[in-house]
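Some notes on the structure that comes next.
The values are calculated or read from the model by the stated rules, or taken from the named source; none is laboratory data. Fair warning: this is a prediction, and the values are worked out from it, not measured in the lab. We place every Cβ from the backbone using ideal geometry, glycine too, and count neighbours over all the protein chains shown.
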Amino acid sequence: MIARSESDDRCDVAIIGAGPAGSVAALELARAGLDVVVIDKTEFPRFRIGESMLPHAQRLMEELDLMDRVRSLPHMVKRGLEIEFGDGRREPAAISFEEMFGDGLKQTFNIRRSIFDRMIADAAAEAGARYRFGESVRTFESIEHGDVRMTLDGGRLRADWVIDASGQACVLARHLGTKRFLPGFRNVSYFEHYEGVLRNSGDRDGFATLAMCREGWFWLIPIDEKTTSIGAVIDGELSKSIPVPADQRLTWCLENCPAMAQRMSDATGPDRNQVVGDFSYTCDRHADAGWFMVGDAAAFIDPVWSTGVSLGLEGGVHAARRILDVAAGRMRPRAATRAHHARISGLRGTFMNLIRNFYDHSFRELIVRGDGPLGVHRAVVNMLAGEVFRKVPFSVRWRWDLMKGLREFNRFRPLNERIRPHSLLQSGGVGLPSPNAGVSRAVPRRRIGEPSWQSH
């Protein structure tokens, strides 16, 4: 470890980003006695999307002795999700975690990110991590194990290791030139928080909701007793045909989706929404000599299965433990970085497979059915709940393979009713774009909750 002096700001590990991925890494390292500095250009509290967790996130919170802190904060217990088509004509299919194979966790939580992120950072600071808010990384002079040198707004910092947890800023990837977008996932997300949203109750209390349309899909996530996170993920090219400015498109999309319009009939919230575009990407490597990438700084994939924070937490803990392995002599630095790259790449590939299935309409037609032969639907619950961080049992693997076979069979011989996806653009009076035609006019806007029940 580096010997620290008062005149030269040095540390064992520098972490860029104070979000969940960076702060759990800081917590693990500080608890082990390492000197950790966390750099973040913004202060708490701050708005972040990604409020819905996978069961693995709760597992890690328990493992890190943080779950009691989570329970003390406003949150919603999440025991599953429901999936429906945007036309609102069918009962949403329930995906209850209770149906999963195995003895894993059957619940998790939804929570406002501003308080969740702050809670983990506070725990890391209590363990000894030093936080430097309001500072950005300007340049890197060296990124080698034992010789990490960077210039911040407030001066120079040296470390043995650097962990990039900077989120979609991708500080290291920009420096290294390794970020690349994923073809076929150039989507745009519009989102905000609302109150008064019609939510699930009874045995579906706390369930997140996905509503699928031709141009994309919506999320509805209850994050405390009053507040609901609402968002729309729309194909990037088709989003250009929406006839209102980008910061007003969430309302327009909600108005033109009957299933969501009904939920929003009494909702109150901001007039304008937040926007994130072109958000699916990965980096060529997730770790190498002297550095690790974790969370969104390593890769960001479509948020449909709520993988973001859970992957960030897993990556932060994994990187920290590999550093501790090196410090204890259990691993060599090169082996530690290779192990991290393999872990993050493997998880990313698994979740990309799940996401590609979601965007396959034949798969969608089957999952809204809610059952299947030989318990195949229960294996689907395991996969959609993200129970892939540990070894997937054989009882799940063969049923998941069967589900993919049924998906292919369903293309030619229907196993469920044929469903034509609801079109937001057609509902809103906008012609679908074609190479030889421009965007047609939009019909007058309706109030949220006054849906257009057109047949598509």
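Okay, here's what the table says:
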quantity	calculated
Conditions (1) assigned by TED's automatic domain parsing to the domain that holds E28; (2) more than 15 Å from the chain's Cα centre (by Cα); (3) assigned to a helix (DSSP H, G or I); (4) surrounded by 21 or more Cβ atoms within 10 Å (Cβ to Cβ); number of the one not met by L366	(1)
Count of segment 105-145 residues which are farther than 17 Å from V70 by Cβ, in contact with a His (Cβ under 9 Å, 6 or more places away or on another chain) and not hydrophobic (A, V, I, L, M, F, W, C)	1
Positions within segment 99-108 being within 22 Å of the chain's Cα centre (by Cα) and either among the charged types (D, E, K, R) or not in a loop (DSSP other than H, G, I, E, B) (or both), in sequence order	K106, T108
Only listed residue being basic (K, R), more than 30 Å from P393 (Cβ to Cβ) and not in a strand (DSSP E or B), chosen from R174, R156, R138, R132	R174
Any hit, segment 320-341, residues being more than 27 Å from C11 (Cβ to Cβ) and in contact with a strand residue (DSSP E or B) (Cβ under 8 Å, 6 or more places away or on another chain)	no
Single unsatisfied condition, R69 versus (1) touching an Asp or Glu at 6+ places or on another chain (Cβ under 9 Å); (2) under 27 Å from F47 (Cβ atoms); (3) in a strand (DSSP E or B)	(3)
Restricting segment 25-52 to residues that are part of a helix (DSSP H, G or I) and among the charged types (D, E, K, R), the residue that is surrounded by the most Cβ atoms within 10 Å (Cβ to Cβ)	E28
Sole residue being out of contact with any helix residue (DSSP H, G or I) (no Cβ under 8 Å at 6 or more places or on another chain), outside the structural domain of I221 (by TED's automatic domain parsing) and not polar (S, T, N, Q), chosen from R263, R334, R285, R343	R334
Yes/no for A21 being in contact with a helix residue (DSSP H, G or I) (Cβ under 7 Å, 6 or more places away or on another chain), of a type outside the set (S, T, N, Q), within 30 Å of A211 (Cβ to Cβ) and modelled with pLDDT of 95 or more	yes
Candidate set from segment 171-208 (those that are over 25 Å from A246 (Cβ atoms) and hydroxyl-bearing (S, T, Y)); member that is surrounded by the most Cβ atoms within 10 Å (Cβ to Cβ)	T178
